[in-house]
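Scroll down for the structure; my scribbles are underneath it.
The values are calculated or read from the model by the stated rules, or taken from the named source; none is laboratory data. Keep in mind the model is a prediction, meaning the values are calculated, not measured. A quick note on method: Cβ atoms are made from the backbone with ideal geometry, for glycine too, and the neighbour counts reach across all protein chains shown.
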Amino acid sequence: MTNRFSGLFNLSEAQAIEILDGPADDSDEASSRYIAASHLVNFNTERAIASLMRAANNTSPDLDNRIVRRKAVESLGRLKVKSALPAIKACLDDDDNYLVENAAWAIGEIGTDSSATLEKLAQQLERPDQSYRTIIHTLAALGYAPAVERIRPFINSESAPIASAALSALYQLQGDESVMPKILGYLQNTNVNARRGSIQDLIDARYSKAIPNVAQCPVSMVFRLRGIKLLAAAGIEAGAIAFAQVKPWLERTLRDHPNDIALVHSYSSPPAIEELIQELYGTDFGRCYLGSKTLIENYAQTAPTALIESYEAEGYNDYGAHYHIMRLCGWLKMSEASDLLVEALHNKAPQFQKSRVAAAIALGELGNSAAIDELKTATTMPIWDLQYAAILALDQLGVSVDESEIDSTNWLVQEKLSSL
C-alpha cells in the first residue's frame, strides 16, 4: 500500500477501508487505522459500515487496537447504523471504560426500544469507574424508566456534571419537577464544565422555564444561545411560552454585557490592568466576564490603549480573547477600533464566528453611521445570530430594517422581524 497516511481529507473510501482492515497489532499503522475509522463516517455505504463493524468486533487487547475500536463504535453511532446495535451492545461488557462510554453514546445516537439493550446499558451504572453521565444521558433520552432507581443515587454524586445529568433524567423519566432547582443551581457552579453540562441537561429536559437562568450563566455566548434557542423551540411548541417572553433574554445574550451575567467569581480588590487583560485569554468565560466587567468599571480611560496593544501582540490570533476584545471595543466606546470591528464582522474563519456577533453589537454601540452599510451586509449572511445581532445594531443606529431585504429561514430571526 502506497501513501497509506495520505491525510484525513484525501483518503478515498477504498483506501480507508484497506487501512482499517490492516493488522491490529502493527503499531506503525495504529494512527492511520484510527484516522481511517474517523474518515469512514463520511461514507454511509455497506462497504464502509462493514469495515467499521469488523473494527468494532476486533477484540485484540493491545492499546492501539482498543483506541481504534472506540473510534469505530463512535463512527457507527454517527452513521446511526441500526444493524450495528448488537456489536455495540457487546462492547458494554468490555473492561475498557472508554469503549463502554462510546458504546453508550452510540446507542443513544442510533436509538433503540430493545429492553434487553437498555437493561444491559442500565447495568453499567453498577460497575465502578464508568462514564456515568453518558450512560444516564442515553437511558433518559431513550425513556428507559426501569433505570430510575439505579439513576437516583447519582443525584448525590460529588461530580456536578453526573449529579446534574441524574437530576435531569429523573425529570425526564418521572416528571419530577422538584429536582429542577438543583440543576439550575449548577448553572452557578465554580466549575465551568458543570455549568456547560447543566445547560445541556436543561435542554434534554426541555425545561423552557430555565431560559432566564441560562441567559445569565457565565459560559460562552455560544452555549447560552444554543440553550435558549432549543429551550424556546421546546417551550413554544408545548404552548408554555411565547416569543415575547424569550426575546429579552435572547437579545441580552446577544449583546452580552458582563453586567448581565451572574458571575461566580470575584476579586477582593481590582487587579492590575495587565492581569485583567490576561483574564480575557482564559478558557473559563466566567473569569473573562469578570475581567471585562472590572476593566469597564475601573480602567475605562486606560484600557483602550492596553487592549489594542494586547490585540496586536496576541489577541488577533486567540479566538477567545478576540471575542472579548471586540466586545470591549463597544462597551468602552473605542472609536479608534472601528476598522478592527469591520474586519471582525466579515471574518469567515470558523473559530472567529462569535466575534462577528460581537463586532456587530460593538459597531452599534459606537454609534457611527459609517458602519450602516457594513451591518446591512451582515444581515444578508446566512448565519442567524449574526443576522439578529446586525438587526439590533442597526436599530441602535436608528435604521429601520426592511424585512424584504433579509432572507432568513431561522425562526428566531423571522420572529424578530415580525416584531419590529
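Please give the number of the condition S338 fails out of (1) modelled with pLDDT under 95; (2) farther than 27 Å from Q216 by Cα. Checking S338 against (1) modelled with pLDDT under 95; (2) farther than 27 Å from Q216 by Cα, the one that fails is (1). Of the residues in region 44-56, at least one is at pLDDT below 95, under 30 Å from R133 (Cβ atoms) and surrounded by fewer than 19 Cβ atoms within 10 Å (Cβ to Cβ).
The residues listed here are S335, S310; of these, the one that is within 16 Å of I372 (Cα to Cα) and among the hydroxyl-bearing types (S, T, Y) is S335. On the stretch given as region 100-135, residues that are touching a helix residue (DSSP H, G or I) at 6+ places or on another chain (Cβ under 7 Å) and at positive phi total 1.
Might you let me know whether region 303-317 holds any residue that is aliphatic (A, V, I, L, M) and within 21 Å of the chain's Cα centre (by Cα)? Taking every residue of region 303-317 in turn, none turns out to be aliphatic (A, V, I, L, M) and within 21 Å of the chain's Cα centre (by Cα).
Of these, G364, G315, G291, which one is crowded, with 16+ Cβ neighbours inside 10 Å and under 25 Å from S269 (Cα atoms)? From the options G364, G315, G291, the qualifying one is G291. When we screen A358, A378, A303 for residues that are surrounded by 14 or more Cβ atoms within 10 Å (Cβ to Cβ) and farther than 29 Å from D402 by Cα, the only hit is A303. Those helices (runs of 4 or more DSSP H) of region 266-356 in which at least 3 residues are out of contact with any Gly (no Cβ under 9 Å at 6 or more places or on another chain) and under 23 Å from G367 (Cα atoms), considering only elements entirely within it, cover 285-298, 303-313, 319-331, 338-345. Across region 228-247, not a single residue is classified as within 20 Å of G330 (Cβ to Cβ) and surrounded by 18 or more Cβ atoms within 10 Å (Cβ to Cβ). Looking only at residues of region 185-211 that are of a type in the set (V, I, T) and farther than 19 Å from T138 by Cβ, we find that the one that is surrounded by the most Cβ atoms within 10 Å (Cβ to Cβ) is I211.
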